[in-house]
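I have placed the structure first, in the form of structure tokens, so that the comments after it can refer back to it.
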Amino acid sequence: MKETATLLLIHGGRIIDPGRSIDRIGDVLVAEGMIVQAGDAIIGNPSFAAVLSKARHVDATGLVVCPGFVDLHCHLREPGFEDKETIATGTRAAAKGGFATVCCMANTEPPLDTPAAVHLVRRRAAQEGAVEVLPVGCVTIGRGGAELSVMSALAEAGVVAFSDDGDPVASSQVMRQALSSSRDLALPVIDHCEDKAFSRSGVMNEGRISAATGLRGMPAAAEEIMVARDLILLKLTGGRLHIAHVSSKGSVELIRRAREEGAPVTAEVTPHHLTLTEDRVTGAGPDKALDASAKVNPPLRTEADVEALIEGLRTGVIDAIATDHAPHTLADKNRGFDLAAFGISGFETAFGCLMDLVQRGRIGLADLIARLTCEPAKIIGRNGELGTLKTGSPANIVVLDPDRQWTVDSRGFASKGKNTPYDGYEFKGKVMATVANGTIAYIDDSLLSPPFAEREDNS
């Protein structure tokens with residue numbers, strides 16, 4: 001659902017705006033796509049009486065109202081792989097997940113290595129996107145790893161970062177050049193850290209399950225070697241480095257040490273790496289067949305790794321949560337575990353599964369929201385514009401019910417990708433509405449019920 005509301009009042013909710021240290025009951029008023037006020041009560045204020053009579057009302061009593069989520073890392077697949085996802089379907093899924101802004105990766109066909117390719121994505125997103133789409137440009141031409149893209153031209157075209165995601169920048173010399181350019185352009189290089197010669201075309205974590213099944217494992221060291229290399233090059237260049245989808249305890253420790261030494265490195269972790277272990281690749285049936293819905297790169301790892309990731313997130317060693325939304329067709333996934341594609345369709349389950357961390361006392365709700373809003377906005381240089389409810393900022397808002405229980409059913413996904421390891425899981429915590437640039441991109445049916453729908457009809 002995408003619905004334009006020139007005037008919108010979200011009232012009576014618990015407003016959590018971590019970037020401004022706000023956590024209180026209040027109202028949010030939107031006009032012409034911008035935040036007019038967020039915090040104090042507006043209903044009953046005579047200064048707003050004329051406005052309120054014309055506004056669309058959303059009752060948020062008992063709910064949480066916060067800035068719209070910002071996803072640093074997703075795959076919208078368009079152009080080139082529209083059988084997996086399109087900008088239209090992907091952004092509708094993002095809206096259902098609470099994301100008002102998404103950064104789409106460059107591994108499309110053609111890849112986003114020219115201004116023309118970037119402009120194509122931006123144009124289609126403006127025409128068809130339910131939420132804002134910010135392109136990520138290629139580090140190297142064709143994502144081939146050999147020759148640096150014209151990063152300055154991509155920056156002028158509107159990219160917010162550079163990445164060959166799906167592949168690392170394997171050449172240390174090319175990565176050095178990329179980081180030097182990132183310093184001059186003030187835009188981060190997002191690296192998929194994997195020494196592919198060491199991971200040996202593995203299909204799961206190297207460990208107990210890979211040994212038992214005889215399938216090729218991907219050792220955590222394959223990630224950690226590349227993280228260490230990138231941190232050395234960062235120190236050499238003074239560039240801007242962001243580590244994608246951190247998955248191992250060793251990587252967290254490397255990043256922690258680098259930050260203690262003052263290195264300007266940032267990092268992200270996915271919802272699935274925070275909430276699932278390698279055990280999830282084993283199916284629930286009596287035959288314990290391997291389940292390709294949990295096949296992802298980097299792979300799900302051990303309980304010790306998950307604990308380190310949660311602690312890294314809690315302490316700020318890891319800055320942000322990013323979905324790495326990677327939709328695939330059923331045929332992509334139903335080829336047997338060894339041949340199945342890597343990836344999880346992650347937009348629509350992100351908040352629900354992450355709320356488990358809050359319910360178990362592993363992270364506070366406000367801190368979780370910060371890792372989904374103001375912290376990712378800082379990484380792409382949009383703090384103060386995205387991930388905030390301050391007056392004058394774009395009206396990107398999400399309404400959450402932290403107590404709503406629901407069951408994941410991928411058949412109802414807005415995404416074309418139904419590939420999720422959470423199918424059938426019961427979550428406590430649900431996105432109820434998403435506003436992107438003042439437009440209602442998604443709203444749960446329960447918020448349309450009387451008396452507020454009647455109030456809208458009679459206004």
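Just a few scattered comments:
- CD proxy at 222 nm, helix term only [per DSSP H run n ≥ 4: -39500 (n - 2.57); per residue of the chain; nearest 500]: -8500 deg cm²/dmol
- Pairs from the table (K235/K378; K196/K295; K96/K378; K196/K430; K249/K430) lying more than 26 angstrom apart at Cα are K196/K430; K249/K430.
- A DSSP coil position with no more than 16 other Cβ atoms inside 10 Å describes the following GluC sites (Glu not before Pro) in the range 305-389: E385.
- Gyration tensor analysis over the Cα atoms of the chain returns equivalent ellipsoid semi-axes of 36, 25, 21 Å (largest first, whole Å).
- Span from the the range 98-170 Cα centroid across to the the range 355-377 one, whole angstrom: 28 Å
- Charge-dipole axis of the range 308-427 as Lys and Arg at +1 and Asp and Glu at -1 on Cβ define it, positive-most pick from G352, T391, A341: T391
- Packing-based exposure ordering (other Cβ within 10 Å, fewest first) of Y425, Y442: Y425, Y442
All of the numbers you see were taken from the coordinates with simple rules; none came from a lab. Small disclaimer: the values here were computed from a predicted structure and weren't measured. Virtual Cβ from ideal backbone geometry, glycine too; neighbours counted across all protein chains shown.
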